[in-house]
Amino acid sequence: MGLIENPKAYTGRDLETIFFRPMFTGQNAEQLGIRVMYNMPVPTTIQMWSPRADVLQSYAAGWTGGEGAHIQQKTLELKRMKAEVGFSASDYFQQVYELIVGRADVNLDDLTGTELEQAETEMFRAAISESLRVMMWIGDQTKSSYSLMDGFFTLANKYSAATTLNVVQAPGDGVNASNVVAFLNEMWVNASPELKSLKGDGNLVFFVTTDIYDAYEQYLDSHHADGAYTDLVSGRRELYYHGVKLVDAGVTKYIAQRGDATTSHCILTDRRNFVLAVNTADYPGSEVRMWYNPDIMENRQRAIFMAGAEILDEELMVLAKF
């Protein structure tokens, strides 16, 4: 039987394939709601290609190719960061074993080291994933918490400070069930033609905080129709406004805990416009290590990596000011 205090370390290829990549690929990446880039060269340069609009010419001899595709580049700054967690031996034992006993295929009389390692890794990976998810939305380098990098809401407000382009003033008394539709409509009306043209791709979203999401759901509940009654009883898995999905960023409680002056946020954009980059390859010392300290009877976990968030094109979004 494997011992829970066996040390474990992930570096190099193992760090990528076993620990980090499962957090930010496939369904997990889709749940984040944004574009995720993993182990791109540092500094990470993102290229946005726009094909030449008018390429058709009259058939005639000679070359009239002119300029090619328009290329816009943006450099995504990655921040070095680490995660460290310490548990007392008894608490750690109980948490790891709780992940194991819930599985029907596990023989509790013969737990192998691999099963313990999977449970231990999953517990630490979940903690890192949630912390990074929150930081990519509300991260602010001027704050005391979630301050390692600027998140999307912070970046959007910074970019809008220099211009009033694509900015909508939210209702003074806040967004509620009586004004949420007019508010969302104003967001759409103020979108640029370029942003509206991307609707057919199916990637336009309203990234919102829970209060706005709830206000729109309450508005839908107020309609006296069979469909509204069914949704009121059974709930709604997803909310849409004119075909554009509302995505709750799930950070309202963290904003309240930090005591931010602004607690509501709403951004209309293409989900591919928001990028989270994670790198575990180009930073010396990148690792995940889990070990037991017998001197103080404590299990410890540490992860070292780089991450950063960026908005590729600030013109391809509409920001609500609260």
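What the table shows:
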item	result
Sites Arg80 and Asp260 - FRET efficiency at Förster radius 25 Å, r taken between beta-carbons, to 0.05	0.50
Accessible area per residue in Å² at 1.4 Å probe, computed on segment 176-216	41
Distance in nm between pseudo-label sites at Glu298 and Glu122 (7 Å out along the Cβ direction from Cα)	2.7
Net +/- balance of residues flanking Lys253 in space, Cβ distance below 14 Å, scoring K and R +1, D and E -1	-3
Rough spin-label spacing in nm, given labels placed 7 Å along Cα→Cβ, for Glu130 and Ala61	7.4
Total formal charge among the other residues, if their Cβ is under 13 angstrom from that of Leu148, Lys/Arg +1 and Asp/Glu -1	+1
Heavy atoms of Lys82 accessible to a 1.4 Å probe, total area in Å² rounded to 10	120
Heavy-atom accessible area ranking, 1.4 Å probe, most first, across Val205, Val189	Val189, Val205
Largest-first ordering by accessible area, 1.4 Å probe, given options Ser160, Ser88	Ser88, Ser160
Solvent-accessible ranking of Met187, Met123, Met40, largest area first, probe 1.4 Å	Met40, Met123, Met187
Label point distance in nm, His223-Asn203, each placed 7 Å from Cα along Cα→Cβ	2.9
Sum of side-chain charges, His242 neighbourhood, beta-carbon under 12 Å (Lys, Arg +1; Asp, Glu -1)	+3
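The values are calculated or read from the model by the stated rules, or taken from the named source; none is laboratory data. Everything numeric in this text was worked out from a predicted model, so none of it was measured. Glycine also receives a Cβ, built like all others from the backbone with ideal geometry; neighbour counts cover every protein chain displayed. For the accessible areas, the whole protein counts, side chains as well, though only heavy atoms, and no ligand, DNA or RNA atoms are used. Shrake-Rupley method; radii C 1.70, N 1.55, O 1.52, S 1.80 Å.
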